[in-house]
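Each reported figure results from applying straightforward, stated rules to the coordinates on display, with no laboratory input. Keep in mind that what you see is a predicted model, and the values were worked out from it rather than measured. Cβ atoms come from the backbone with ideal geometry, glycine included; neighbour counts cover every protein chain shown.
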Amino acid sequence: MVVKSELDKLGLHHTRVELGEVYIRETLTAKELAQLKAALLKSGLQLMDDKKAILIEKIKIVVREMLLKEDEPEKTKFSDLLSDELNHDYTYLANLFSEVTGITIERYLIAHKINRVKELILYDNLSLTEISYRLNYSSVAHLSSQFKKVTGLTPTFYRKLKTIKNTVPGNV
């Protein structure tokens, strides 16, 4: 909504505005591009016109969307899914991601998976079996091992912390 509004104010004709992408009919002049960047920055948004940065952002979007799917979990290998979604070889995407961000796609994916596990434990009261299925873990043991490696806690203990916090006086 903010992006569309700023484009309209600047008189730029857009054909499509999606999360992370804007399609503009005409080629922007340097002045129009600078005005758009400034307008978006005032709204707390950043215009990414570097192709590598755009591709990195698209990788991050695919990861987030994959983890938020509420329907059937993805059974396709993540590397194949990413390659198909972004029309690039996975090795190229992985090398680019590591070069630009300083971490591997796998580490990024694991960090976001663990954050999603935390959300599901805290807010959805799902069993670890249900969570491991939803997030495409091979087993509860694999989920638990990865969770402990990243957080230092077991998922069961993490769930207990929520219970303890809710029973402490003053946390009503």
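For region 2-47, the relative contact order is 32 percent, taking Cα pairs closer than 8 Å that sit 6 or more residues apart in sequence and dividing their mean separation by the residue count.
For each of 90, 137, count neighbouring Cβ atoms within 10 Å of the residue's Cβ, then give the residues from fewest to most.
So the ranking, lowest neighbour count to highest, is 90, 137.
Against the chain, whose longest principal axis is taken from its Cα atoms, helix 155-167 shows a tilt of about 90°.
Fewest neighbouring Cβ atoms within 10 Å first, the residues 67, 143 line up as 67, 143. Rounded, prolate or oblate for region 107-146? Axes are the square roots of the Cα gyration tensor eigenvalues, ordered a ≥ b ≥ c, and the cut-off for rounded is a/c under 1.5. Note, shape of region 107-146 comes out oblate. Using 20 Å as the Cα-Cα cut-off, could you pick out the over-long pairs in 9/52; 118/149; 4/42; 60/113; 51/77? As for pairs spanning more than 20 Å Cα to Cα, those are 9/52; 51/77.
Computed from backbone phi, the HN-Hα couplings of region 52-64 come to 5, 4, 5, 5, 4, 4, 5, 4, 4, 5, 4, 4, 4 Hz, rounded to whole numbers (Karplus: 6.51 cos²θ - 1.76 cosθ + 1.60, θ = phi - 60°; Gly and Pro given as x).
Note that region 9-16 has calculated 3J(HN,Hα) couplings of 4, 8, x, 9, 8, 9, 9, 7 Hz, one per residue in order, obtained from phi through the Karplus relation 6.51 cos²θ - 1.76 cosθ + 1.60 (θ = phi - 60°); glycine and proline are x.
Residues 113, 148, arranged from fewest to most other Cβ atoms within 10 angstrom of their Cβ, appear as 148, 113.
Does the chain come out rounded, prolate or oblate by the C-alpha gyration tensor, with a ≥ b ≥ c the root eigenvalues, rounded set by a/c under 1.5 and, if not, prolate when a/b is larger than b/c and oblate if not?
It comes out prolate by the Cα gyration axes.
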